[in-house]
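Asker: The structure is given below, and queries will be raised subsequently.
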Amino acid sequence: MPQEITIIGGNVAGLASAYYLSKKGINVTVYESKIWNKPCGGAISLEFDYYLRNVLSVFLEGSDHFTERFRVGMWNGRCMEDEGIFRIISRHDLQEKLINRIEKEEGVKINFKQVSVRDNHLFTPQTIVATGYSGFSQKIFRRKWHPSEFAFTIRYDGIIEEGKFPNTNLIILDSKKMGYGWIFIGKGNHVNIGVGALAPREYVWKKYYELFNIIKEKYGYYIDTPQAKPKCWILPMLVNKLKYPVNQKQNGIEFIGVGDTLGLAHAISGAGIEPAWMSGWVLAESLNDKRQINVKKYTQLLKVNLRKTVWRRTDHLLSFLSRKPIPFKSSLGYYSLHIVRHRMIKMMRKYPWFAFVHNGIRETGFSLEKMSD
Ligand SMILES: Cc1cc2nc3c(=O)[nH]c(=O)nc-3n(C[C@H](O)[C@H](O)[C@H](O)COP(=O)(O)OP(=O)(O)OC[C@H]3O[C@@H](n4cnc5c(N)ncnc54)[C@H](O)[C@@H]3O)c2cc1C
């Protein structure tokens, strides 16, 4: 009899878990409350987009658009420019297409239902928690979540008129409070503009409105400050990743976390789509002979992968420094980025964040050298 596993949360981490567990012959049932557009920057690497297209046959709306230039700037207007390394996609589109694709896998069932911790009849002895920052995750992992940090983020969506913007994506670092603003150009001159910071909500609101002036005055994006108040969102940012266990036992059920539930997003950029995918992949690689998830192995593999991808020594150092009250942080951030950016890009290519790395060998499902488009 194939083993059954329930997965709560059907976005990136939950769907990756479903996909890779089903490939190992496990029957999975995923519960997702609804498909929705997370207020996120929507940046994914070219490698992940290539993987989605060539391995999963998932073609995202933003896949045929690429903004070739990318700038990282400071609040005061100083910036550096490089070649683009990511595409901007819609989160609604990503979730919808992944659901449509993954429910075609043998042994995968996806149900639309908001699950509560009292729905004991739905849980299997090992149940996967892929519910990101949510009440469900907090109820299960409350002890672990307590000491972590949270970034408040706000995003605006709109269309920018042709000729009124430089054709580059832009990230603006705000060194006073740990965070940044972004302006990402998508298909059809669609822009998404946002701010995220490890700071109180009120501070993030203030920075959001300031950002519209700065991108106009210092960076040449002529877009009016929106009147409507956008929604605020929370992203868990674990500084000491995996210091706390990845599982929690409650009423005889072992709940195992993946993705944002464990705070796997990059501790500076907050990029978490690909680490979330990777965690589902790693989870399935941790099955033992009895077809159960070996949590010790899962933790070890996650640590190895995180150290090669979103949690390398330089990220660790920069995130540590950025959380300290050091004077001249803005210059420090600027020059550090100048020094490490080429190496960072090289490492991202060598160890793509979505992929499974074991014994130093990456498994992307395709050859990165052959990636031609
Ligand atoms: C403003 C902002 C900007 C960001 N920008 C980027 C970016 O540009 N690039 C990037 O890579 N990452 C970005 N991230 C991070 C990224 O959004 C997350 O790391 C990623 O979505 C994590 O995926 P996940 O599947 O773990 O969790 P989620 O995407 O949060 O998915 C959890 C799912 O569980 C469902 N759920 C929750 N509770 C229940 C329940 N009780 N029952 C059933 N279903 C439930 C939810 O509906 C949701 O679909 C950003 C985040 C924020 C907040």
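The values are calculated or read from the model by the stated rules, or taken from the named source; none is laboratory data. Everything numeric here is computed off the predicted structure, so don't read it as measured data. Cβ sites come from the backbone with ideal geometry, for glycine too, and all protein chains shown count toward neighbours.
Asker: Across the range 164-183, what is the number of residues that are within 13 Å of the ligand (Cβ to nearest atom) and either out of contact with any Gly (no Cβ under 9 Å at 6 or more places or on another chain) or closer than 15 Å to P230 by Cβ (or both)?
Answerer: Matching residues across the range 164-183 total 3.
Asker: Moving on to the next point. Tell me, which strands (runs of 3 or more DSSP E) wholly within the range 82-155 include 3 or more residues that are more than 10 Å from the ligand (Cβ to nearest atom)?
Answerer: 108-112, 126-129
Asker: Right, next: Check the range 353-368 and report whether any residue there is modelled with pLDDT under 80 and in a helix (DSSP H, G or I).
Answerer: yes
Asker: Return the total of residues in the range 66-80 being touching a strand residue (DSSP E or B) at 6+ places or on another chain (Cβ under 7 Å) and small (G, A, S).
Answerer: 1
Asker: Step by step: first the residues of the range 201-233, then only those that are away from the ligand (no atom under 16 Å from the Cβ) and within 25 Å of the chain's Cα centre (by Cα), then the one that is surrounded by the most Cβ atoms within 10 Å (Cβ to Cβ). Which residue is that?
Answerer: I215
Asker: Then there is this: Return a yes/no flag: does the range 235-247 have any residue that is surrounded by fewer than 16 Cβ atoms within 10 Å (Cβ to Cβ) and within 15 Å of the ligand (Cβ to nearest atom).
Answerer: So far as the range 235-247 goes, no, none of its residues is surrounded by fewer than 16 Cβ atoms within 10 Å (Cβ to Cβ) and within 15 Å of the ligand (Cβ to nearest atom).
Asker: Something else now. Are there any pairs with C-beta distances below 7 angstrom linking a residue in the range 277-293 that is within 23 Å of Q95 (Cα to Cα) to a residue that is among the aromatic types (F, W, Y) and within 12 Å of the ligand (Cβ to nearest atom), with the two at least 6 apart or on different chains, and if so which?
Answerer: W277/F354; M278/W353; M278/F354
Asker: For the range 30-39, which positions are crowded, with 19+ Cβ neighbours inside 10 Å and modelled with pLDDT of 95 or more?
Answerer: V30, Y31, E32
Asker: Mind checking whether some residue in the range 181-193 is under 30 Å from G257 (Cβ atoms), among the charged types (D, E, K, R) and surrounded by fewer than 19 Cβ atoms within 10 Å (Cβ to Cβ)?
Answerer: no
Asker: Now for a separate question. Working only within the range 292-318, note down all residues that are surrounded by fewer than 16 Cβ atoms within 10 Å (Cβ to Cβ) and outside any helix (DSSP H, G or I).
Answerer: Q292, N294
Asker: Could you tell me which residue of the range 301-341 is modelled with the lowest pLDDT, considering only residues that are small (G, A, S) and touching a strand residue (DSSP E or B) at 6+ places or on another chain (Cβ under 7 Å)?
Answerer: S330
Asker: In the range 269-318, which residues are within 13 Å of the ligand (Cβ to nearest atom) and charged (D, E, K, R)?
Answerer: E274
Asker: Can you spot a residue in the range 169-176 that is more than 16 Å from E68 (Cα to Cα), at pLDDT below 85 and crowded, with 20+ Cβ neighbours inside 10 Å?
Answerer: Yes: one or more hits.
Asker: Moving on. Free of Cβ contacts under 8 Å to residues at least 12 places away in the same chain and of a type in the set (A, V, I, L, M), is that true of A151?
Answerer: no
Asker: Within the range 1-43, can you find the residues that are in a strand (DSSP E or B) and more than 6 Å from the ligand (Cβ to nearest atom)?
Answerer: Passing the criteria: E4, I5, T6, I7, N27, V28, T29, V30.
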